[in-house]
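Below: the structure, in structure tokens.
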Amino acid sequence: MKTIHATRTPESETRTRILASARRLFARQGFEGTTTRALARAAGVAEGTLFRHFDNKKAILVEVATQGWVELLTDLLTELSEMGSYKAVSQVMQRRLLHLRDNADLMRVCFLEAQFHPELRERIQKESIEKMTDVAEAFVQTAIDRGIYRPMNPRLVAKVFLGMFAISGFSYETLMGENPSPQTMKDMAEGLADIFLNGVLAKDIEG
């Protein structure tokens, strides 16, 4: 039986190149500071080509952000499904932090531009953040059911869990310095995991 492999068309490759250039420029210059002319030049296409693929510049911004969050969600699903134990959070965090470094442009675009574009914020919330939270909540609930995590609000824990990734990714260089070493990354991941799993209060300390 002959296997048919899907091939990328020139049109899909052009669209991918436009989105990659937009992610980079929006992160560095902001949405308002990026002209369609500059975007077309960065993508190596004519300006009219942009509007053959997207209705307007805002549509490109929305696609960049939502597509990126779907990628992050898929990666998180994979990480959680492959995690050896519920105590091995630091391993997931280390890999996620490394991935967030690769997606620093995406994080800047999502966090900065979502403040100024309600429709973008709403779409990211509905199509990505809520789904990521659902996945993390199920992960926490299973750990609670198995007696590994203490009884608490699983959705709140899920939001804290995801929030650590978001803040780390958005403030990557601020938290770890420029071009952090693998050891620095490992220490950060283990520290976040320790705080997440054990909190910050010493045992048996009364307030």
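The values are calculated or read from the model by the stated rules, or taken from the named source; none is laboratory data. If you're wondering where the values come from, they're calculated on a predicted model, not measured in any experiment. So basically every Cβ, Gly included, is an ideal-geometry build from the backbone, and we count neighbours across all protein chains shown. Please note that ligands, DNA and RNA were not included when accessible areas were found on the heavy atoms of the full protein model with its side chains. Shrake-Rupley method; radii C 1.70, N 1.55, O 1.52, S 1.80 Å.
Here are the numbers for the structure shown:
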{"item": "Computed label-point distance, nm, for sites residue 119 and residue 88 using a 7 Å Cα→Cβ extension", "result": "4.4"}
{"item": "Simple label model, 7 Å out from Cα along Cβ direction - residue 78 to residue 55, nm", "result": "3.3"}
{"item": "Surface share of carbon and sulfur [accessible, 1.4 angstrom probe, percent] for the range 44-93", "result": "49"}
{"item": "Spacing of the two label points (7 Å from each Cα toward its C-beta) at residue 70 and residue 194, in nm", "result": "4.0"}
{"item": "Charge tally in the Cβ shell below 12 Å around residue 43, where Lys, Arg are +1 and Asp, Glu are -1, residue 43 excluded", "result": "+4"}
{"item": "Those lysines that a straight Cα-Cα span of less than 29 Å connects to residue 159, excepting residues fewer than 8 apart in one chain", "result": "58, 87, 126, 131, 186, 203"}
{"item": "Surrounding net charge for residue 32, when Lys and Arg each add one and Asp and Glu each subtract one, Cβ distance under 15 Å", "result": "+4"}
{"item": "Residue 46/residue 127 FRET efficiency (R0 25 Å; Cβ-Cβ; nearest 0.05)", "result": "0.25"}
{"item": "Amide N proximity, the range 128-154 versus residue 201 label position 7 Å along Cα-to-Cβ, cut-off under 16 Å", "result": "150-153"}
